[in-house]
Amino acid sequence: MLSGCSANGPQFSDAQAAPDEALVYVYRPSAGTLRARTAIIEAPPHASVRLSNNGHVLLRLPPGPQRFSQVWAPWLADSMPNDRPISQQLDLQPGQRYFLRLSAWNRKDEKLIVIRWQLEEVPAAQALEEIAKTRRD
């Protein structure tokens, strides 16, 4: 039995940022690729959170430059390449909200299946449509 395959908390509910903070939503739309893997999102030194398939988290962070990194939570006898985390840099402004999407997909490359993932900033209008389908982790 697999556990933690998908987020099962409440659906998305938008929040307002206080004047002295920035809100960062990190979300992961439902996907078959890497669905059983839990992502770890880090925003040092302020946050380290787990993100499931079809999940989202809300980070309340101080304004200023912030690097967000993602690695996969380890499994026994794991062979995922966690030695090269992916990252995204944002310049957080007070009272603003931001959306980061973690996407995973695969494609067949000759005789191999190549798995890819990325962490990217998404415009609010697009993100609000996508994040509404996720659940809070």
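Yes or no, residue by residue, for (1) in contact with a Phe, Trp or Tyr (Cβ under 8 Å, 6 or more places away or on another chain); (2) without any contact (Cβ under 8 Å) to a residue 60 or more places away in the chain:
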residue	(1), (2)
Asn54	no, no
Leu61	no, yes
Pro74	no, yes
Arg107	no, yes
Glu120	no, yes
Pro123	yes, yes
Glu129	no, yes
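Among the residues making up the stretch 103-127, those that are modelled with pLDDT of 95 or more and either within 17 Å of the chain's Cα centre (by Cα) or within 16 Å of His56 (Cβ to Cβ) (or both) are Leu119, Glu120, Glu121, Val122, Pro123, Ala124, Gln126, Ala127. Taken as a whole, the structure leaves Glu42 outside the set of residues that are among the acidic types (Asp, Glu), out of contact with any Asp or Glu (no Cβ under 8 Å at 6 or more places or on another chain), closer than 19 Å to Pro10 by Cα and surrounded by 13 or more Cβ atoms within 10 Å (Cβ to Cβ). All of Val26, Val49 fail the test of being out of contact with any Gly (no Cβ under 7 Å at 6 or more places or on another chain), among the β-branched types (Val, Ile, Thr), part of a strand (DSSP E or B) and within 18 Å of Ala132 (Cα to Cα), apart from Val26.
Residues in the stretch 82-102 that are assigned to a loop (DSSP other than H, G, I, E, B) and modelled with pLDDT of 85 or more were compared, and the one that is nearest to Ser52 (Cα to Cα) is Gln96. Restricting the search to the stretch 13-39, which residues are buried (at least 17 other Cβ atoms within 10 Å of the Cβ), more than 14 Å from Trp117 (Cα to Cα) and at pLDDT below 95? Within the stretch 13-39, Ala17 is the sole residue that qualifies.
All of (1) polar (S, T, N, Q); (2) assigned to a strand (DSSP E or B); (3) modelled with pLDDT under 95 hold for Ser69 with one exception: (3).
The values are calculated or read from the model by the stated rules, or taken from the named source; none is laboratory data. Note that this is a predicted model, so its numbers are computed, not measured. Positions of Cβ are generated from backbone atoms using ideal geometry, with glycine treated the same way; all protein chains shown enter the neighbour counts.
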